[in-house]
Amino acid sequence: MTGIAAASFFSNICRFGGCGLHFESLAELIVHIEDNHIDTDPHQLEKQEQQQPTYVALSYINRHE
């Protein structure tokens, strides 16, 4: 990874759906994305599991172990 791509990758700006919010740390960015952009409603997650989703928030998995 070089130049602009590397700078973009290591910035703590939420690019999810054009959000654009900036965070001081990667941890804050991850919490923001999980809380605001990834649905954690159990009914919705069950529906996604039946459709074989490509991802589930790691924090959701850790909460329910």
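The values are calculated or read from the model by the stated rules, or taken from the named source; none is laboratory data. What you are looking at is a predicted structure, and each value in this text was computed from that prediction instead of being measured. Using ideal geometry, Cβ is built from the backbone for each residue, glycine included, and neighbour counts are taken over all protein chains shown. Quick note on the areas: whole protein, heavy atoms, side chains included, nothing else; ligands and nucleic acids left out. Shrake-Rupley method; radii C 1.70, N 1.55, O 1.52, S 1.80 Å.
Worth pointing out:
- Scanning region 32-47 for residues that are outside any loop (DSSP other than H, G, I, E, B) and either in contact with a helix residue (DSSP H, G or I) (Cβ under 6 Å, 6 or more places away or on another chain) or free of Cβ contacts under 8 Å to residues at least 12 places away in the same chain (or both) returns Ile33, Glu34, Asp35, Pro42, His43, Gln44, Glu46, Lys47.
- Filtering region 27-43 to residues that are over 15 Å from Arg15 (Cα atoms) and either open to solvent by less than 60 Å² (accessible area, probe 1.4 Å) or touching a Leu at 6+ places or on another chain (Cβ under 8 Å) (or both) leaves Asp39, Thr40.
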